[in-house]
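The structure appears below as structure tokens.
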Amino acid sequence: MAKNKFGLAKPLYILIALLLCGSAVFFILRLEGETPLFQLENPIHTIGSSYTLKGWASDQKSGLRRVWITIFQGGKEKIIFDQTFPPGGFFGGDAVQKQLVSVEINVDAIGLSDGEALLRTAVWDHSYRGWGAGNQGYAEHKILIDTRPATIDVLTRSHNLNQGGAGLAIYRVSEPGTVNGVQVADNFFPGYAGFFSDPNICIAFFAVSHKQAPKSQLYVSATDPAGNVCRTGLAYYINSKNFKQDNIIISDAFLRRNIPQFEHALNMENSSASLIDKFIVVNRDLRRASNITLENACKKSEPKKYWEGPFLRLPHSARRAGFAAHRKYRYKGKTIDKQVHLGIDLAATAHSPVPAANNGRVALAEYVNIYGKTVLLDHGFGLFSMYGHLSRIEVARNQVVSKGDVIGFTGSTGLAGGDHLHYAMIVGHTFVNPIEWWDPNWIKHNVTDKLNEIKRAKVY
């Protein structure tokens with residue numbers, strides 16, 4: 001067997017050379033100088049009595065060696081997380097390169113007090129830099145420890161509500177920057193500053209939906225940036241309402257005229273399902289999708305009161321269906337579906353001009369499935385009016401309109417049996433009875449008197 005000048009067999013020589021080269025490569029790779037990172041999942045400015053800190057530690061080269069997180073306050077370091085990680089195999093191929101860190105911070109348990117503090121994070125890797133200490137990534141974040149919730153002073157004294165109706169609460173929050181509003185059972189209605197000069201006084205339009213019982217719980221809540229929550233009760237009374245029961249007869253002529261326009265939206269063009277089966281899907285699924293579209297459009301409302309006085313009703317119109325009417329859809333003598341009508345249907349002469357019910361900004365002007373060509377007006381502070389089944393839309397999104405301006409013309413677009421206007425009022429994300437907003441006395445007693453009383457009392 002051939003030997004080299006060191007007296008080693010050639011295969012063994014080659015093996016040693018490869019090992020030396022591999023070790024050299026490994027050593028050079030481990031001298032990498034990339035700084036490991038710790039990135040918070042969300043920026044932290046304030047911490048309440050408890051907080052879940054989440055972030056990602058990462059090093060894509062030699063892998064993570066250690067992650068260390070502390071809170072420094074009053075000259076004392078409070079360690080809240082400290083974990084080391086193995087280096088991996090010979091070439092570090094299975095080293096930990098990315099790690100989610102989730103830490104529950106309990107302010108009292110670790111002895112923190114209200115006031116300023118520093119959140120410190122440090123990450124080391126398995127590099128041989130720094131005589132084997134590795135690269136280090138370090139960061140500091142100024143934070144505020146705040147365990148005291150805001151306080152709420154309710155300024156409106158009474159709230160007489162109807163099932164399916166709206167209300168207004170006015171209150172002062174002790175801290176700016178809170179997420180506040182009125183909670184009605186499971187529904188939250190955000191409050192808005194801006195109506196009064198005092199930025200801590202908020203107004204919140206809220207609603208009791210047609211489905212909620214008169215015993216539903218109502219209260220005002222405020223959550224500060226630290227996550228501290230305050231709740232304050234309201235004086236209120238909810239009148240129960242009986243809503244009409246309607247039978248809607250579905251004919252074959254109606255199905256032939258209306259269902260084909262929806263088949264594409266449901267990918268049912270080539271379906272062997274009957275027209276009546278398709279109608280049921282449209283009436284349920286597309287109705288739900290249409291209402292979600294409107295609710296999403298109502299999520300952003302301007303903190304400005306556009307409207308003045310009672311809302312207009314379609315002139316010279318007759319009511320064809322009422323708010324929250326519980327409908328049974330019947331086909332050939334059988335009930336095939338049940339839905340609730342969330343507006344009022346008004347009929348005048350065909351293609352009648354539709355006036356804006358009040359001053360507002362166009363939040364939506366487009367085709368909305370079962371409602372057809374639809375306009376949605378934002379009247380400010382979470383109050384909206386909606387106009388459906390239009391034959392033509394005369395306004396564009398974000399356009400500001402005045403009460404009485406023509407925004408479209410009545411029609412039968414969408415799932416409509418004939419030319420009419422589907423008119424609805426929405427508070428936040430909840431459909432409410434439009435009749436209240438047509439009534440000048442209801443508006444006076446439930447809205448304007450409250451606003452004027454706060455102004456006269458000069459509490460702002």
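FYI, it's all coordinate maths here, none of it is from the lab. Keep in mind the model is a prediction, meaning the values are calculated, not measured. Neighbour counts are summed over all protein chains in view; Cβ atoms, including those assigned to glycine, are modelled from backbone coordinates with ideal geometry.
Note on Lys241: aspartates and glutamates with a C-alpha under 16 Å away, same-chain residues under 8 apart excluded, are Glu436.
Every helix of 4 or more DSSP H residues in the chain counts as -39500 (n - 2.57), and over all residues that averages to -4000 deg cm²/dmol at 222 nm.
Seen from a random direction on average, the alpha-carbon convex hull of the chain projects onto 36.5 square nanometres. Over the chain, what is the relative contact order in percent, taking alpha-carbon pairs closer than 8 angstrom and at least six residues apart? That works out to 11 percent. Reducing the stretch 57-82 and the stretch 169-185 to their Cα centroids gives an inter-centroid distance of 37 Å. Residues whose amide H comes within less than 5 Å of that of Thr374, counting only those at least five positions distant or on another chain, are Glu366, Tyr367, Val368 (H built at 1.01 Å from N in the peptide plane). Compactness of the stretch 226-372 was expressed as the Cα radius of gyration divided by 2.2 N^0.38 Å, which yields 1.34.
Net charge near Leu255: determine it from the other residues with C-beta under 11 Å of the C-beta of Leu255, scoring Lys and Arg +1 and Asp and Glu -1.
+1
Separation of the stretch 420-460 and the stretch 280-306, taken as the distance between their Cα centroids, equals 20 angstrom. Lys300: which aspartates and glutamates have alpha carbons under 18 Å from its alpha carbon, excluding same-chain residues fewer than 8 sequence positions away? Once the sequence-local aspartates and glutamates are set aside, what remains near Lys300 is Glu366, Asp378.
With the cut-off at under 13 Å, measuring from each backbone N in the stretch 305-345 to a point 7 Å along the Cα-to-Cβ line of Glu394 picks out 315. For the chain, the membrane-span-like helix rule (DSSP H, alpha carbon extent of at least 27 Å along the helix axis, mean Kyte-Doolittle at least -0.5) picks out 10-29; this says nothing about an actual membrane. Only loop residues by DSSP count here, and only those with at most 12 other Cβ atoms within 10 Å; note down the GluC sites (Glu not before Pro) in the stretch 205-306 that meet that. The qualifying sites are Glu269. Each part reduced to its alpha carbon centroid, the stretch 396-411 and the stretch 204-254 end up 28 Å apart. Restricting the stretch 37-95 to chymotrypsin sites (Phe, Trp or Tyr not before Pro) that sit in a DSSP loop and have at most 11 other Cβ atoms within 10 Å of their own Cβ leaves Phe90.
Of the trypsin sites (Lys or Arg not before Pro) in the stretch 330-426, which ones lie in a loop per DSSP and count no more than 11 other C-beta atoms within 10 Å?
Details: sites: Arg330, Lys332, Lys334, Lys338, Arg361, Lys373, Arg392, Arg397, Lys403; in loops: Lys332, Arg397, Lys403.
For trypsin sites (Lys or Arg not before Pro) across the stretch 330-426 that sit outside H, G, I, E and B with at most 11 neighbouring Cβ atoms in 10 Å, the list reads Lys332.
Taking a ≥ b ≥ c as the square roots of the Cα gyration tensor eigenvalues, the stretch 34-145 comes out prolate, since a/c reaches at least 1.5 and a/b is larger than b/c.
Listed by chain and number, the lysines placed with their C-alpha closer than 22 angstrom to that of Lys61 are Lys98; residues fewer than eight positions away on the same chain are left out.
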